[in-house]
Amino acid sequence: MNETASAGAHHLEARRIGDPVLRLDHISLAFGGVNALTDISFDVREHEVRAIIGPNGAGKSSMLNVINGVYRPQQGTITFRGKERRGMDTHEAAAHGIARTFQNIALFRGMSVLDNIMTGRNLKMKATFVEQAIWWGRARNEELLHRRKVEEVIEFLEIQHIRKTPVGRLPYGLQKRVELARAIAAEPSLLLLDEPMAGMNVEEKQDMCRFVLDVNEQYGTTIVLIEHDMGVVMDISDRVVVLDYGKKIGDGTPDEVRGNRAVIDAYLGVAH
Amino acid sequence: MPATPALDTFPRLLLHHAKVRGNHPATREKDLGIWQTWSWSQVADEVRAIACGLAAQGFRRGMHLAIIGDNRPRLYWSMAAAEALGGVPVPMYQDAPAAEFVYVLNDAEIVFAIAEDQEQVDKLVEAMPQVPSLAHLYYDDERGLRNYEGVVSYDELTRIGREHDRANPGFFDAEVAKGDTHDVSIMLYTSGTTGKPKGVCQTHAAFIAAAKGGAEFDRLTAQDSILSYLPMAWVGDHLFSYAQWLYAGFTINCPESGETVMTDLREIGPTYYFAPPRVFENLLTQVMIRMEDASAIKRWLFRYFTGVARRCGSEIMDGHAVGFADRFLYALGNVFIYGPLRNVLGMSNIRIAYTAGAAIGPDLYRFYRSIGVNLKQLYGQTETCAYVCLQPDRGVKFDTVGEAAPGVEIKIAESGEVLVRGPMLLKEYYKRADATAESIDANGYFHTGDAGVIDGTGHLKIIDRAKDVGRLASGAMFAPNYIENKLKFFPHIKEAVAFGANRDSVCAFVNIDFGSVGNWAERRALAYSGYTDLAGKTEVYELIKECVEKVNAELATEGDLAASQIHRFLILHKELDPDDDELTRTRKVRRGFVGEKYQVLTDALYSGKKVEHVETVVKFEDGRSGMVAADLVIADAKRFPAQGRAAA
C-alpha cells in the first residue's frame, strides 16, 4: 500500500547504513551427525535491515540462535562490535543490546501485555530486590521511568487497547506484535526477528512490515530478520542472505538475490 | 450563563470560558496511558498560538482549513483557531481514501490543512497533485514524519504563532472582535448518499442556537463531561463536542485510540453521551456474550433482574406509578445487576444519553432505559445542526424521535415529507445556489427528505427517506428502510437491503453480523473459515430465516405494510463496505448502487432460482483489490396473512 511504500521511500533516504556491527566468519554448527550450518560467512551493517531467507530446514533459526548465543558453533568466529569470539553468551548478547523474538511466541501467557513488555526492561532495572519488594526510593522512580518507556512502545505499536489484556487471550497476530514490543522495550541496537510475519494474513503482515521499518527508522535499530515470505523480505530488506541445507547460496541486495539462479532453484525446486 | 449578546461567536465563547472558569478542565486526552488535562485558559492559549501561526503563514479571513484525523484536542482547537481568524474549518472523514479527499479538497478550495498523523499526511500528499490549491500541511503526531519535506509540525506552527503574537500583541483579539455571528463558522460535507457530497455552510448563530436549545432542554452545565469519539466531520460530533462544549463550558475527553473507546468510557464515566444505535447494540451484544460465559448463579441473577427491569424499569424512569413490590425488586436489582452493569459499560454517571442517525430497535432501547440509562432519541440533519427533535426526559416513546426542539417549527408536507424551520438552518450549500434553493422553500422551510407523521401528542415519527418510499406493483406502500431496520434490529443481522419498488413482492439481501453469528457458530461447534464461509452455512440460513419470518409476522399486523412481507432473501457473500461504495461513510446503504452492482443477484431473487454464482471485486483496507466468489443460496421465507390493525 502507499503508506508502506512512501514510508519505505522516506526511510531509505533518512537512514545512513554504516560499518558492519556483526560479522560471522566460517560458522559451522552440527547436532550429532546433522550439519545445521556449514561454513557460513556474512556481515550485518549498522542500521540496515538484513534478512535471512531459505526454505524450511535451511538453518535460518539456527543461524539466529548462533548470533544470540543459544547455540555455540563448532567452527568459526563471531565478531560483534569489534570483539571476536567463538560463541556469544546469551546474557552477554542481551547486555550488549541484542534482543529477539521467537518463531513460536515465547510470552508469559497469564500476564498482561503491559507486564510482558515490562519484562523487556528487566536488564535495565538497577534497584535491589529489597527496594523493589517494598517499592521505595530507587525502585519507585525506576518503575515510573520504565513504565513511561513501555507506554511509548505501546503507542508506537498501536496496542493501547490491549494494554491490560492477558496475552493468552489475544489472537496470534497481536501476540506477535506484543513480542516485538517486548524486544523493542529493551532498546536493542540489534534486533533479531524470527519469522515475525509467519501465520499472519495480508493486512497483519503489512502492519508488521510498517512496524519493522518504523523501528528501524525511528530508533535506528539494526534488524536481522528471518522470513520465508519472499515478497515481504524483498520489500523491506536492504540485503538478503539465502541459506539452503545449511549452506549459503546467495547474498546481496533483494534484486541481486532475486536474479540468483541457485536461489530460484532452491525455492522452486529443481531436479538434481 | 453565556447568553449575553457579545458571546455570539465560538471564539468569543472560548475567551469567555477562559476568563470565568480558567482553571476548569476543558479538554482531556489519554496519552501514554495517562489522562492529560487542559484547562480553559490553556486551551485559549493554544488556540491563540495556532491562530497566530496560521495567520503568520498566510491564512486569511474567509479561507478554509481542512481538518483530518481522529478526535484529537489539537484538531478541535484548530477549528476554533480558524474561526478566530474569520476562516472556516472543514473537517473531513478520516477513514476516507485519498481519492475521496480530492473532491472535497477541490470543492472547498483548500489551501491549508491540518492532519493528525502520517497516515493522513500521506493521503494528503497523494492527493496533492490533483489539488493545485493545497499548499500548507500541518500535522499533530510527528511519528514517522520527521523526514518529510514541506510539512510543518504542530509544535512548529504554534512556535511561529507565539512569535507572531509577541510581535503583534493586539492581533488575535482584534481578529476575534471582527467576527460576526452570521459568518459561516463551519462547513460540513453531507455524506453523499445521493450524488457528490455538498458542503453545508453553518453560521455561528445557527450552531449556537442549536447548542443553546439543546443545553437548556437538557440542563447542561460546565460540570458535564462527554467522550468525543465520533468522526469530527459528522454534524453530531460538531454539535456535542464543539458547539455545546463551547456553549456550556463542559469537558470533552478524547480517547487514546479508536480501539480503546470502551476502556476510556469506563475510566471517564461521562455524564452526557451520544452514540449511534449500532454502538448501543454492540455493547449489549458483548454483555450478552459475556453473560453466557458467567457462572450459573450470575446468569440466573442477570436473567431474573433484567426480567424485573423489563417489567418496570422504564416506568420507574418515566415517573409512572409502580407498585411497592416492584420498586423494591428494582432497587435490589440496581444493587446486584443494573449498577454494576452500568459501571462496566461506563454509564454510571450518565445523566443524558442520546442516539440518532438510524432507527433503534425497541427492545434495545427499552433495555438501556430499564437499567437506568436515560437513553433518548433525537432527530436532525447536517443542514439543521443535528437539531430538530428531542425527546423530553419523561416523555419518551419508543417509536418516535421526540417533539420539536425549542425554537424549531415542524410541518408535514402533503407528500408526507418533513419540513422544518428555525434558527439552526443552513446558510447555504457551498457554491450550490441551485441545491440551496431546492431545499429551502419560499416560506423558509427546509425540506428534510424524510417522510414522517406527527402523532397526537406532537411527537414526530420518521418512516423512511421520502424518495425511497415507493409502491409495489400492486400499489401497496413500500418503505424499504422501514423493513431493513426491522431486520437490523436482530443482533445477528448487520445490514439489510430490501427491494420491491414496482415489483410484485419484496425481497432482501442480508449481511450477517460476523461477531454475533460467529460467536453463535462457535457455541454450536460449527467450523467456518471466514465471513463468506459462515454466511453460506445452512444453519446460518436457518437462523436468519427465523429473523426474516419474525419480521414478516410483524409486518402482517401493520395494515398497508402487510404486502411488504419478505418473500425471498439471500445472505451476501461479503460485508457491504464504504470502501466498495456500497455504504456511505456514515454507513448508510446506497440501495440503488447495491441493486445495480449485484443485479445478477436481484434477478435471481425474482426469477425463482435456488442458487446463483457471483464474483465480486473487493477493495481491501490497504487499497488493493481482490476477488470474492461464491455460490449463494436463495431462501424462501414464510409469510403471514395480513391482519388489519385494530381500529386503525
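What to note about this one:
- Taking (1) out of contact with any Gly (no Cβ under 7 Å at 6 or more places or on another chain); (2) in contact (Cβ under 8 Å) with a residue 24 or more places away in the chain in turn, B:Asp183 satisfies each apart from (1).
Conditions (1) within 19 Å of A:Glu46 (Cα to Cα); (2) in the same structural domain as A:Phe42 (by TED's automatic domain parsing), marked per residue:
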residue	(1), (2)
A:Val70	no, yes
A:Gln75	no, yes
A:Ile78	yes, yes
A:Glu84	yes, yes
A:Met88	yes, yes
A:Ile105	no, no
A:Arg121	no, no
A:Met125	no, no
A:Gly137	no, no
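- The number of residues in segment A:159-171 that are charged (D, E, K, R) and crowded, with 17+ Cβ neighbours inside 10 Å comes to 1.
- Evaluation of B:Glu409 against (1) more than 30 Å from B:Tyr445 (Cα to Cα); (2) exposed (fewer than 15 other Cβ atoms within 10 Å of the Cβ) (one fails), failing number: (1)
- Any hit, segment B:327-343, residues being part of a loop (DSSP other than H, G, I, E, B) and at negative phi: no
- Looking across segment B:395-435, the residues that are free of Cβ contacts under 8 Å to residues at least 60 places away in the same chain, of a type outside the set (Gly, Ala, Ser) and under 20 Å from B:Ala210 (Cα atoms) come down to B:Glu403, B:Glu409, B:Ile410, B:Lys411, B:Val418, B:Leu419, B:Val420, B:Arg421.
- For beta carbons closer than 9 Å, sequence separation of 6+ or different chains, a first residue in segment B:210-228 that is among the basic types (Lys, Arg) and a second that is surrounded by fewer than 24 Cβ atoms within 10 Å (Cβ to Cβ), the qualifying pairs are B:Lys212/B:Pro2; B:Lys212/B:Ala3; B:Lys212/B:Pro406; B:Lys212/B:Gly407; B:Arg219/B:Arg351; B:Arg219/B:Ile352.
Each row is one residue, and each column tells you yes or no for (1) at pLDDT 95 or above; (2) within 14 Å of chain A (Cβ to nearest Cβ); (3) touching an Asp or Glu at 6+ places or on another chain (Cβ under 6 Å); (4) surrounded by fewer than 19 Cβ atoms within 10 Å (Cβ to Cβ).
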| site | (1), (2), (3), (4) |
| --- | --- |
| B:Pro11 | yes, no, yes, no |
| B:Leu14 | yes, no, no, no |
| B:His17 | yes, no, no, no |
| B:Pro25 | yes, no, no, no |
| B:Arg28 | yes, no, no, no |
| B:Ile34 | no, yes, no, yes |
| B:Glu46 | yes, no, no, no |
| B:Cys52 | yes, no, yes, no |
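- Scanning segment B:202-214 for residues that are crowded, with 21+ Cβ neighbours inside 10 Å, under 26 Å from B:Leu65 (Cβ atoms) and not polar (S, T, N, Q) returns B:His204, B:Ala206, B:Phe207, B:Ile208, B:Ala209, B:Ala210, B:Ala211, B:Lys212, B:Gly214.
- Within segment A:173-221, no residue satisfies the criterion of being touching an Asp or Glu at 6+ places or on another chain (Cβ under 6 Å) and closer than 23 Å to A:Pro20 by Cβ.
- Leading residue by the ranking (nearest to the other protein chains (Cβ to nearest Cβ)) among those in segment B:145-179 that are among the polar types (S, T, N, Q) and closer than 30 Å to B:Gln118 by Cα: B:Asn147
- Filtered residues of segment A:35-86 (kept if in contact with a strand residue (DSSP E or B) (Cβ under 7 Å, 6 or more places away or on another chain), more than 17 Å from A:His228 (Cα to Cα) and small (Gly, Ala, Ser)): A:Ala36, A:Ser41, A:Gly76
- Within segment A:174-203, the set of residues being over 27 Å from A:Val44 (Cα atoms) and within 14 Å of chain B (Cβ to nearest Cβ) comprises A:Leu174, A:Asn201, A:Val202, A:Glu203.
- Failed criterion for B:Leu425 (all others in (1) out of contact with any Phe, Trp or Tyr (no Cβ under 8 Å at 6 or more places or on another chain); (2) part of a loop (DSSP other than H, G, I, E, B) hold): (1)
- Pair list, Cβ under 8 Å, 6 or more apart: segment A:214-231 residue away from chain B (no Cβ under 14 Å) and aromatic (Phe, Trp, Tyr), other residue part of a loop (DSSP other than H, G, I, E, B) and buried (at least 23 other Cβ atoms within 10 Å of the Cβ): none
- Residue in segment A:238-247 that is assigned by TED's automatic domain parsing to the domain that holds A:Val49, part of a loop (DSSP other than H, G, I, E, B), at pLDDT below 85 and in contact with a strand residue (DSSP E or B) (Cβ under 7 Å, 6 or more places away or on another chain) present: no
- Residue in segment B:265-285 that is within 14 Å of another protein chain (Cβ to nearest Cβ), in a helix (DSSP H, G or I) and surrounded by 19 or more Cβ atoms within 10 Å (Cβ to Cβ) present: yes
- Listed by position, the strands (runs of 3 or more DSSP E) enclosed by segment A:1-88 that each have at least 1 residues that are modelled with pLDDT of 90 or more are A:20-31, A:34-45, A:49-53, A:75-80.
- Search result, residues across segment B:128-144 that are away from every other protein chain (no Cβ under 11 Å) and either in contact (Cβ under 8 Å) with a residue 24 or more places away in the chain or surrounded by 15 or more Cβ atoms within 10 Å (Cβ to Cβ) (or both): B:Met128, B:Gln130, B:Val131, B:Ser133, B:Leu134, B:Ala135, B:His136, B:Leu137, B:Tyr138, B:Tyr139, B:Asp140
- Test for B:Gln94: is it surrounded by fewer than 22 Cβ atoms within 10 Å (Cβ to Cβ) and either among the polar types (S, T, N, Q) or within 14 Å of another protein chain (Cβ to nearest Cβ) (or both): no
- Filter result (buried (at least 22 other Cβ atoms within 10 Å of the Cβ) and assigned to a loop (DSSP other than H, G, I, E, B)) within segment B:60-69: B:Gly69
- Test: residue in segment B:585-596 that is of a type in the set (D, E, K, R) and more than 30 Å from B:Ala99 (Cβ to Cβ): no
- Among residues of segment B:97-126, those that are under 27 Å from A:Phe156 (Cβ atoms) and either free of Cβ contacts under 8 Å to residues at least 60 places away in the same chain or away from chain A (no Cβ under 14 Å) (or both), counted: 16
- Selection status of B:Phe509, within 30 Å of B:Glu100 (Cα to Cα) and surrounded by fewer than 21 Cβ atoms within 10 Å (Cβ to Cβ): no
- The lone exception for A:Ser112 - which of (1) more than 14 Å from chain B (Cβ to nearest Cβ); (2) of a type in the set (Gly, Ala, Ser); (3) surrounded by fewer than 19 Cβ atoms within 10 Å (Cβ to Cβ) it fails: (1)
- Only one entry in A:Asp214, A:Asp244 is farther than 27 Å from B:Glu142 by Cα, surrounded by fewer than 20 Cβ atoms within 10 Å (Cβ to Cβ) and not aromatic (Phe, Trp, Tyr), namely A:Asp244.
The values are calculated or read from the model by the stated rules, or taken from the named source; none is laboratory data. Here the structure is a predicted model, which is why all the values come from computation and not from measurement. Ideal geometry is used to build each Cβ from the backbone, glycine not excepted, and the neighbour counts take in all protein chains shown.
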